[in-house]
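The values are calculated or read from the model by the stated rules, or taken from the named source; none is laboratory data. Remember, it's a predicted structure, so these values are computed and weren't measured experimentally. Here the Cβ is made from the backbone with ideal geometry for all residues, glycine too, and neighbour counts use every protein chain on show.
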Amino acid sequence: MRYLENEPLAPYTSWRIGGPARYFVQATSAADLASALAWAEQCNLPVFILGGGSNILVRDSGFDGLVIRVRGHEVRLEANGDTASVIVEAGAPMAGTARRLARQGWSGLEWAEGLPGTIGGALYGNAGCYGSDIATSLDRAWVLVRGETQEWSVDRFAFGYRTSVLKQMRAAGIRWQDQPIVLAAAFRLHRDDLTALAQRMERTSNERRSKTPWGASCGSVFKNPPGDSAGRLIEAAGLKGTRIGNAEIALRHANYIINLGGASSDDVLRLIDLARERVLAISGIELELEIQIVG
Ligand SMILES: Cc1cc2nc3c(=O)[nH]c(=O)nc-3n(C[C@H](O)[C@H](O)[C@H](O)COP(=O)(O)OP(=O)(O)OC[C@H]3O[C@@H](n4cnc5c(N)ncnc54)[C@H](O)[C@@H]3O)c2cc1C
């Protein structure tokens, strides 16, 4: 394993924003992960677990600790007639895995077509779209907790709308040493017609393309409040197209903030504050962040 010093994090994020990690390492197995965690503990460094970087805003000051990028991406399929269980390592791409399985005639994950990020990141935030989410597709998962691999049932994740117990633990300020890390996940699949599967994925892909603003982003910045949509509220507050520095509230979808090129984390954070203040003033609704701020 190669420990890099002062590694810029922007290229590892979909927003293309963020300063350096003091130390950075890629872990391709549970053993790599355990060894990196032990090293951080020994050096008294905080740890941040990175997946595909598609749901985080890294501050320009970077992360003063060890960033571990989870890279294991093996996929193991166990078929039993018309049903199967697939075990996917946490660093595998969510959308790529769904597409690969659909091409083999396995249905169950096609809702994730076009969803950026990894399996680990998707479990952490209970990613979802087009009528499904991780909570409804997951069978069980394996997590690393204080050096021990544990098998977790779906219930243990306490999934909710764009949240899980992992996200809640981080928000509650639990020390990194006690936070579970996803190693792999198992999903249930069933056989389906290849053409029907391809058509469903094509429809999802077209719909996604037609709705997603062009440019570097992190997807939806805020969670949708119950019964409403954050995009609608930000648009109603008159903020579509508002720019600060090189960041812009997207014209196509007001819950997206686009890096127009060279945006700083401060540009984005100021737009986030502005959206929160205006929406609160106009509707009385407090927008909650979906993304995580790092550093
Ligand atoms: C254009 C665009 C469209 C999007 N559309 C959607 C959408 O339709 N629906 C949706 O839900 N999201 C959407 N997103 C957000 C994003 O794709 C998801 O949140 C995704 O699941 C994040 O995965 P990641 O691997 O990139 O996580 P990262 O951004 O790398 O990390 C997110 C969090 O997960 C944690 N994490 C990552 N890996 C692990 C692990 N192995 N174990 C424990 N914790 C881990 C990180 O520490 C961090 O706290 C979109 C993003 C973009 C850029």
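The criterion of being of a type in the set (Gly, Ala, Ser) and buried (at least 20 other Cβ atoms within 10 Å of the Cβ) does not hold for ALA216. When GLY65, GLY91 are checked against the criterion of being touching a Lys or Arg at 6+ places or on another chain (Cβ under 8 Å), touching a residue at least 12 places away in the same chain (Cβ under 8 Å), part of a loop (DSSP other than H, G, I, E, B) and not charged (D, E, K, R), a single residue qualifies: GLY91. Taking segment 254-295 as the range and being within 16 Å of the ligand (Cβ to nearest atom), of a type in the set (Val, Ile, Thr), over 12 Å from ILE17 (Cβ atoms) and not in a helix (DSSP H, G or I) as the test, no residue passes. Check whether at least one residue in segment 187-205 is closer than 15 Å to VAL145 by Cβ, in the same structural domain as SER153 (by TED's automatic domain parsing), under 20 Å from the mean Cα position of the chain (by Cα) and not in a helix (DSSP H, G or I), and report yes or no. Within segment 187-205 (the criterion being closer than 15 Å to VAL145 by Cβ, in the same structural domain as SER153 (by TED's automatic domain parsing), under 20 Å from the mean Cα position of the chain (by Cα) and not in a helix (DSSP H, G or I)), the answer is no, since none of the residues qualifies. Residues in segment 92-111 that are within 13 Å of the ligand (Cβ to nearest atom), in contact with an Asp or Glu (Cβ under 9 Å, 6 or more places away or on another chain) and among the small types (Gly, Ala, Ser): ALA92, ALA95, ALA98. Criterion applied to GLY52, GLY18 was being of a type outside the set (Asp, Glu), in a loop (DSSP other than H, G, I, E, B) and touching a Gly at 6+ places or on another chain (Cβ under 6 Å), and the one residue passing it is GLY52. Quick one: is TYR124 within 9 Å of the ligand (Cβ to nearest atom) and among the hydroxyl-bearing types (Ser, Thr, Tyr)? Answer is yes for this residue.
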